[in-house]
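A short reminder: the numbers here are calculations on the coordinates, not readings from a lab. Since the model is a prediction, treat every value here as computed from it, not as a measurement. Heads up, the Cβs are rebuilt from the backbone with ideal geometry, glycines too, and the neighbour counts pull from every protein chain shown.
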Amino acid sequence: MKGLLIKDLRLMKNMGNSLALILLMAVGMSFYIKDISFIVVYMAIIGTTLTSSTISYDEFDNGNAFLFSLPVSRKDYVLEKYLFSLLMCGVGWLLGSIIAIVAGAARHALVPAEGLMTAVALLPVAIGLNVVLIPLRLKFEAEKSRIAQIMVMGGFFLVCVLGAKLAERLGIDLNALGERMPAMSEGAGIAAVLAVSVVLLFISCHISIRIMERKEF
């Protein structure tokens, strides 16, 4: 697994110019976008999509057939992809949080403590991206996986919208409900969501291992 991780990290090193450009774009956007959550999620998504690029690189020119002729098991391959994705996603989340908090404080539009709490609240989202995207990428080819990812994201957005509409029809004020919650429950809620994200990540990893074990190269 260590060799696979080194391989992917060296691949990222070769993409240094593209990654630097993405970082500059995030810095530029942070001075115009008021909602810091966008910067944090944007950088986390970039970190996650980097894993898809390494999978495409492995598949290029029937590379997987050669890769698995080496002392590398399919389970190790999947575990490395999750580890690498969490690493890249975590780095993206951290950089996005720093950029957003510093830019917000510089514009006097954001209290650093509030920005930090928002960034921590978005950490489960960063982890949750891997739950869906990695199995889809391993299951389908590059083009099909993009379509599947768009459908999943669209479905998630639709569920959120329909849920909000349903709450409105039932006379449930979600904003007022959140304001009534005790202040101390905010941290507990984030911890609970984070724990659920980790559990879903383990389930997703198990599914991905099953997918890889059934694939033929």
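Gain on full extension, evaluated as 0.36 nm per residue between Leu166 and Asp61 minus their Cα-Cα distance, stands at 32.9 nm. Pairs exceeding 18 Å between alpha-carbon atoms, taken from Lys2/Lys215; Lys7/Lys139; Lys13/Lys139; Lys81/Lys215; Lys81/Lys139; Lys75/Lys215: Lys2/Lys215; Lys7/Lys139; Lys13/Lys139.
Cβ-Cβ distance of Lys75 and Ile98, R₀ of 30 Å, FRET efficiency by 1/(1 + (r/R0)^6): the value works out to about 0.30.
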